[in-house]
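Before any comments, here is the structure.
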There are 4 protein chains.
Amino acid sequence: MIIVMHEDATEEQIAHVVARIEEVGATAHISHGERVTLVGAIGDREVLTGLPVEAFPGVERVVAVLKPYKLVSREFHPADTIIDVRGRRVGGNQFTLIAGPCSVETPGQIMQAAEAARDAGASMMRGGAFKPRTSPYAFQGLGREGLELLAEARERTGLPVVTELMDPRDLELVHEYADVIQIGARNMQNFQLLAEVGKAKRPVLLKRGAAATIEELLMAAEYVVKEGNREVILCERGIRTFETATRNTLDISAVPVIKLASHLPVVVDPSHSAGRLDLVLPLSLAAVVCGADGIIVETHPSPETALCDGPQSVPTRAFREYAAHVRELVEFVGKSIS
Amino acid sequence: MIIVMHEDATEEQIAHVVARIEEVGATAHISHGERVTLVGAIGDREVLTGLPVEAFPGVERVVAVLKPYKLVSREFHPADTIIDVRGRRVGGNQFTLIAGPCSVETPGQIMQAAEAARDAGASMMRGGAFKPRTSPYAFQGLGREGLELLAEARERTGLPVVTELMDPRDLELVHEYADVIQIGARNMQNFQLLAEVGKAKRPVLLKRGAAATIEELLMAAEYVVKEGNREVILCERGIRTFETATRNTLDISAVPVIKLASHLPVVVDPSHSAGRLDLVLPLSLAAVVCGADGIIVETHPSPETALCDGPQSVPTRAFREYAAHVRELVEFVGKSIS
Amino acid sequence: MIIVMHEDATEEQIAHVVARIEEVGATAHISHGERVTLVGAIGDREVLTGLPVEAFPGVERVVAVLKPYKLVSREFHPADTIIDVRGRRVGGNQFTLIAGPCSVETPGQIMQAAEAARDAGASMMRGGAFKPRTSPYAFQGLGREGLELLAEARERTGLPVVTELMDPRDLELVHEYADVIQIGARNMQNFQLLAEVGKAKRPVLLKRGAAATIEELLMAAEYVVKEGNREVILCERGIRTFETATRNTLDISAVPVIKLASHLPVVVDPSHSAGRLDLVLPLSLAAVVCGADGIIVETHPSPETALCDGPQSVPTRAFREYAAHVRELVEFVGKSIS
Amino acid sequence: MIIVMHEDATEEQIAHVVARIEEVGATAHISHGERVTLVGAIGDREVLTGLPVEAFPGVERVVAVLKPYKLVSREFHPADTIIDVRGRRVGGNQFTLIAGPCSVETPGQIMQAAEAARDAGASMMRGGAFKPRTSPYAFQGLGREGLELLAEARERTGLPVVTELMDPRDLELVHEYADVIQIGARNMQNFQLLAEVGKAKRPVLLKRGAAATIEELLMAAEYVVKEGNREVILCERGIRTFETATRNTLDISAVPVIKLASHLPVVVDPSHSAGRLDLVLPLSLAAVVCGADGIIVETHPSPETALCDGPQSVPTRAFREYAAHVRELVEFVGKSIS
């Protein structure tokens, strides 16, 4: 940690900073520049970041040198983490295509979607039984019944199930049905929930919050891994910006940035970022060439009657063609769909 | 709801949109412009917003006419909501000054802060027992012990307690100690939590998420009110932007915007928006003249040793002077501190 | 244009709105909803958008129905615009690879860069003689001398020259040397400059401003086309967001969004958006699969001594390999480098 | 400047960084931490910032220690700059109220606005003769004729004139009529224009760009001051964010941040930030209590027929009351309107 002192900082203030650093067992190095004095603090990261140095008199600002996460960093674990989900591998030279409707609505709907996903060669199926909705008047999901329908669809198609957990009180229930537990963007900093799934025996798909930096996403993943669950799949799904042509702005650069900084696999959600069908294929292709380990995409037998996210869902009748385009590019970059 | 058809939309596509609207019991009006056809849909708001019209062929975009919230709107309840917290009134011509440390750390610390708040004439005290922290390695709060210390401080000073709830499983516990339950910015769209406090018998202080629009804040409040709890205090605490000189960008315009749109009281958090002490007073004064119903501000007996938010905390020794400045302006605008 | 009246709007206020619309020669249609009245205004777009309807009493808000640009829209000109630059075609099934240093520094530097670009099969070369720099103390470009060096490099390599114009007073000079005149992101809304290049006889490469919406970019292009110059190449180069891992956030979705909305060709600048070398190749590939008509990328013989943008420049010694990767994907999507 | 080396950086890479720093005449200090090595570089600021250190092998990132501006900083010139405009002082304990229409439209309009401003006790008048408009089809200003009308209004009312310059070719013309030359938000980084007004003999009112950081605003001011013109008034007018309830988000914190960092006076534009009349007064009051040196506000005799910015203009008939509210608060904070 480097402490930049104010140009007018007194010798006394500098000495006070040094004293406080040494008090907590760290070492301080003073470096006098022409106009500004710097104090470098070396010691235990957690102790140092807990020190409110900006509150000390004469301090202009503090620059962190070490990254604020550890277990999820590539420095800590240089090799790619590869996760096995009922025999489907996520990460490495596999590309995971996860497809399904935004929410489970009816037995027919989820079965049709699951079969379309399987027929097109998808790796897993998605579908929400618990839905976070901006409006309290919108459809909130079928709950347990939805989970049961997902399990039936899994039985029929063999596709593992990715589904969202929103409330720690539902963990046991979701755990029973899900193969991968999804934490949605709105819950990326629901730290209790993160700690709970960190103790669970299921891989976690963690979506980036709409206003979260990449560093904050990695720190959220650190919450999970710290509790013992090392199987975390990160998901870029668009961030909130001033642009209104898309629902969110897909931060495609996040894919290579995360792959450089972390060993965890990364998937892209082209549906929620775009919010419109005509962008889903190009964004999916961008994910492939940027090094993503997979895509999580919405498909629905009848987008016109969908209770959620109809406008961005690939109709199941068009899904095979969509998947063929994706597969062709996946193979071009030397991977295969898992 | 107005549906703007694509310039190339066919008569068949227009007819299909009309048919779908009528199917759900609403009425459709077609209006042909020179280049574009509009379809107006009149009917039950919830039914109409549930219809994925953007997914219909030929639809360019959909414009909502009605606001997506109801119970919290000023049209629904024109008079200001005034909330009574152990005899302190929030709203109307009262100004609520809530002060205390970011987190409860020790018996001495919370007592000193509470006494400084009371001596300076504050209305309530704040202090976190459960703390949402970006890093899993940061101090996470004292939990139940913190709540007990808050209760002791309340006993000593007479100041009602505002404290945060993060997990629905802690509701009963927090309910027992808190006079006002705070929902933090990161949980503004934790809809399960909102529904739970909507059933509680305590006023709720709901903080705006760092990337939430004002409309989304009002919809989050609607979640609470819909469950029966009409005592919601909204809180503007800064939004995430590209500017890095401050921790967040205080959206001071949100105060008059919310007062025009809703009957609920609004308070401002100058500490979290600024992230630095030297801005806390000017931002507090801005809140007063923009019509806020109160301020929630951080004060700490020793910011230099604070476990959380030290850099932005008003030292308790300076709090009386800070409060005197605020009070003077509160009285100038014709209100009094409750 | 649709005018949404306030819920409390009086009949008199509605009549006033209608009267004002009819006064300017347009037609008004009133539509009474259960709670809200709408007034639809049909007439000349420019006349209607000039009317400050939001300032009329009783008006809640105004919704534009027609797009605010015309000449650049795909509705106006359905076929792709293809631009010929000294025999190199931009648009259609050609992919334009523009490469070169951020700024022209020395004869050796620009010649080496140009030769590396040519040897790798690039379509055109870039290089700034006039540089917009955030700091007044940074290198501001060589001016006329830089233009002359570009002309020499063109002579040697046969590559057409793309170079920036910042000041209308330099138009004649830049016109003499440039094959494509670049308007930088900071000048996207320098409307005098846009009007001047609209009268020029050179294609224009117009970069999106860091805080400009796609719609505003198209309106800036409309300024150019309106003056008679239909040869405009749009450029996505990243937008300003809260994320700090990259210099800007590349809005890759902008490529398909613009291709749907406009007939103009679109290129992507992976260098300025990323601000770091390790992202340049993946972002370039993303541009290819999202349908971009080209890339404008920075290469420098010695990034370590570059006066500008060294950290994101591909070293010329690595450029051939970079270009080979891009070409391979360009051919995979069925295009060829022009 | 502090260079943070990558955790895997070799000794050779560190030595190379040191060598390059010493090559340009600066001094390097190496500091080995447990996991990361830092290199501190001390020397001429301009030389160091010109070095593309991020491009050197093994470098993780670079942290600037010194501020990138000098002449405009409070360290360089601790006392407030006070500017005299025809006897009206800007800065210090004066508060400057600048009022007038967005654009000069007709002789009657500008005269009425000027008289209303004078009658209400305003310090100066504003009005645009050259207008930057997002759409090429919108009213672009009266040009020279507008400047002449402003001069007549000044003659009649005695109020100095603030008006915008957009094109360096119009400098002489605007110089002849204006008492303060305004540089609009879209031109904040039009560096040629900044350099030109830096040589002019008129105070400059420099508006913050909608996506500019405070630091970038100060660097733009540095461009002007570096050329010799020390009379720069900074203007906060709202930044672009995701919030759509207001046209821009007024960054009220910018006022105290700038006052701490710079000696230049700061004014606030409540009209452009809000984009709606009902917020203009509260935002004006916020400016006063946050320490702004003035307000630049729009007033129009007939907002309903205004060619520009009608929805946010205070009608002249209501301007006296508006100004009375502002004055009352100005006097409360111990200043007087100049």
| said: Take the residue pairs A:LYS70/B:LYS226; A:LYS226/B:LYS207; A:LYS335/C:LYS335; C:LYS70/D:LYS201; D:LYS67/D:LYS201; A:LYS259/C:LYS335 and return only those whose Cα atoms are more than 31 Å apart. | reply: A:LYS70/B:LYS226; C:LYS70/D:LYS201
| query | All other residues with a Cβ under 10 Å from the Cβ of C:VAL65 taken together, and with Lys, Arg as +1 and Asp, Glu as -1, what is their net charge? | reply | +3
| segment A:211-275: translational diffusion in µm²/s, Stokes-Einstein, Kirkwood Rh over Cα pairs, 4 °C, 1.567 mPa s | 104 µm²/s
| task | For segment C:106-189, just the Cα set please: Rg and Dmax, both in angstrom. | result | 12.7, 36
| query | With N residues in segment A:33-110, what two-decimal value do you get for its Cα radius of gyration over 2.2 N^0.38 Å? | reply | 2.04
| Which whole number gives the average, over all residues in A:129-141, of C-beta atoms from other chains lying within 10 Å of the residue C-beta? | 6
| If you put a point 7 Å past Cα along the Cβ direction, how far is that point for A:ALA318 from the same point in each other copy, in nm, smallest first? | 3.9, 4.8, 6.0
| message | Using a 7 Å offset from Cα along the direction of the beta-carbon, what are the separations from D:THR305 to the same position in each other copy, nm, ascending? | response | 5.7, 6.8, 7.1
| Quick one: if you stick a label point 7 Å off each Cα along the C-beta vector at B:GLU155 and C:ASP80, how many nm between them? | 7.8 nm
| Where the centre of each part is set by its Cα atoms, how far does segment C:238-316 sit from segment A:253-317, in angstrom? | 21 Å
| task | Quick one: compute the contact order of segment D:2-63, relative version, from alpha carbon pairs under 8 angstrom and 6+ residues apart, as a percent. | result | 49 percent
| Relative contact order of segment B:83-337, pairs being alpha-carbon contacts under 8 Å that are 6 or more residues apart, as % | 21 percent
| message | I need to check one value: relative contact order of segment C:107-244, counting alpha carbon pairs closer than 8 Å and at least 6 residues apart, in percent. | response | 17 percent
| said: Placing one identical point scatterer on every Cα of segment B:12-156 and ignoring solvent, what is log10 I(q)/I(0) from the Debye formula at q = 0.15 Å⁻¹? | reply: -0.82
| What number comes out for the charge environment of D:GLY334, summing +1 per Lys or Arg and -1 per Asp or Glu over other residues with Cβ under 14 Å away? | -2
| query | Could you state the per residue volume, in Å³, of the convex hull enclosing the Cα atoms of the protein assembly as shown? | reply | 156 Å³
| query | Using 16 Å as the cut-off for backbone N distance, which residues of segment A:62-91 belong to the label zone defined by a point 7 Å from the Cα of A:LYS201 along Cα→Cβ? | reply | A:84-87
| query | Kirkwood-based Rg over Rh for segment D:150-225 (C-alpha set), two decimals? | reply | 1.00
| Rg/Rg_globular for chain A, with Rg_globular taken as 2.2 N^0.38 Å and Rg from C-alpha atoms | 1.14
| message | If I model segment C:239-322 as equal point scatterers sitting on the Cα atoms and use the Debye formula, what is log10 I(q)/I(0) at q = 0.23 Å⁻¹? | response | -1.09
| request: Rounded to whole Å, how close does chain C get to the rotation axis onto D by Cβ? Give me the residue too, please? | output: C:ALA211, 1
| For B:TYR322, D:TYR69, what's the fewest-to-most ordering of other Cβ within 10 Å of each Cβ? | B:TYR322, D:TYR69
| remark: For D:VAL24, inter-copy label-point distances (7 Å, Cα→Cβ), nm, shortest first, read 3.4, 5.4, 6.1
| message | From the gyration tensor of the Cα coordinates in segment D:2-63, what semi-axes in whole Å does the equivalent ellipsoid have, largest first, with each one equal to sqrt(5λ)? | response | 18, 11, 10
| message | Rounded to the nearest 20 debye, what is the charge dipole size of segment B:83-337 about its Cα centre when +1 sits on each Lys and Arg Cβ and -1 on each Asp and Glu Cβ? | response | 240 debye
| task | Sort by residue number and report every cysteine in the protein assembly as shown with no other cysteine beta carbon within a distance under 4.7 Å. | result | A:CYS235, A:CYS290, B:CYS235, B:CYS290, C:CYS235, C:CYS290, D:CYS235, D:CYS290
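No lab work stands behind these numbers, since they all come straight from the coordinates. For clarity, every value in this text was computed on a predicted model and none was experimentally measured. Quick reminder, even Gly has a Cβ in these numbers, built from the backbone with ideal geometry, and neighbours come from all protein chains shown.
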